[in-house]
Amino acid sequence: MKERSWEYVGRTVEEATQTALEELGLEPDDIHVEILEEPQKGFLGLGGKEARIRVDLIGEWEVQGKKKQVKDETATGEAPEAVYEDDELEEPGPTTLKESTGKPTRMVKDILEILEIDAMVEAKERDDSVVVDVWGDDIAILIGKGGNTLDALQYLVNVGCRRTGEVTKKIIVDAEGYRKRRKAKLEKQAEQLASKVTSQRKSIEMDPMSASERKIVHMALRNTDGVWTESTGDGPERRVVIHPGNPDRDVPRET
Amino acid sequence: MMKELLEYLAKALVDNPDDVQIEVIEGERSVILQLRVNPEDIGKVIGKQGRIAQALRTLVKAAATKQGKNAIVEILD
């Protein structure tokens, strides 16, 4: 199996690391960062050099399926509530192609083949959804920035497989448990920002996110005292704003 | 790779897959892919508020990035 490492660039080492974490959907604890090139300031903005880093996955990531899930649970400390919880730890999930998992699995496999991505596809049927998980060496490209590419893939697989009524359940396309890690990461980030909002008494605007990710943030801070959240902006620019105080007392500010 | 991907995805979305046509205009750094479908299917590749078209572009762009290129998807009617 290929070594799992990627190279990233950014204006600073921190920025490059941040991009890497976001694109890979990982926590700082999951990776080892090696600085390949320190950034150099140019003269009047000319001739500067970007920081170049190499990111290596550490820990149990070579192990397929089961163990990875275990690591997910322990790495974040308080086992985050899974997006699709229940029996994940007990059974790795047989890859039987039932009618409802067959079509989505085939579509994801076809797309991976066209993209020349060497990966394994595992599908599980849940009560209310079909989960298609992709495992492989080269799947960062499938995830994209902030999960953009993965969301687009999931959306098209849903439209493509459900239009004829063959599949009725919602299809979730995941890459190496990315969605679960991303959820844990968003919740942590929301809490950190919330305490900043409380101490500075100033609203903070988060980066634009998809509807399901905004929901994760709203839910995470729903019972947090001293802050309230709302979404502003349109389309791909829509984002969560965390406000100090109480929505009944404080007039929402325009941002 | 990009053409193949767009063709595959478009065919999965429409009622008349045989009418899916893609023309590729290859530039030095970017590639323009012009997608034509049966007039009845045009809504199926655009979607409400262009959401399907947007998702198609995102995936084709990911494929293009893999080849160090930029991709532009145009839907012609």
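For the reader, a short list of remarks on this structure follows.
- Elements of type strands (runs of 3 or more DSSP E) contained in the stretch A:140-255, each with 3 or more residues being within 14 Å of chain B (Cβ to nearest Cβ): A:170-175
- Residue list for the stretch B:1-17, filter: in a loop (DSSP other than H, G, I, E, B), surrounded by 13 or more Cβ atoms within 10 Å (Cβ to Cβ) and facing chain A (nearest Cβ under 10 Å): B:M1, B:V14
- Qualifying residue in the stretch B:18-40 (condition: under 22 Å from A:G147 (Cα atoms) and exposed (fewer than 14 other Cβ atoms within 10 Å of the Cβ)): no
- Criterion violated by B:G27 - all others in (1) within 12 Å of another protein chain (Cβ to nearest Cβ); (2) more than 9 Å from the chain's Cα centre (by Cα) satisfied: (1)
We did not get these values from a lab; they are worked out from the coordinates using the rules stated. Computed from a prediction, not measured in an experiment: that's the story for all the values here. Cβ atoms come from the backbone with ideal geometry, glycine included; neighbour counts cover every protein chain shown.
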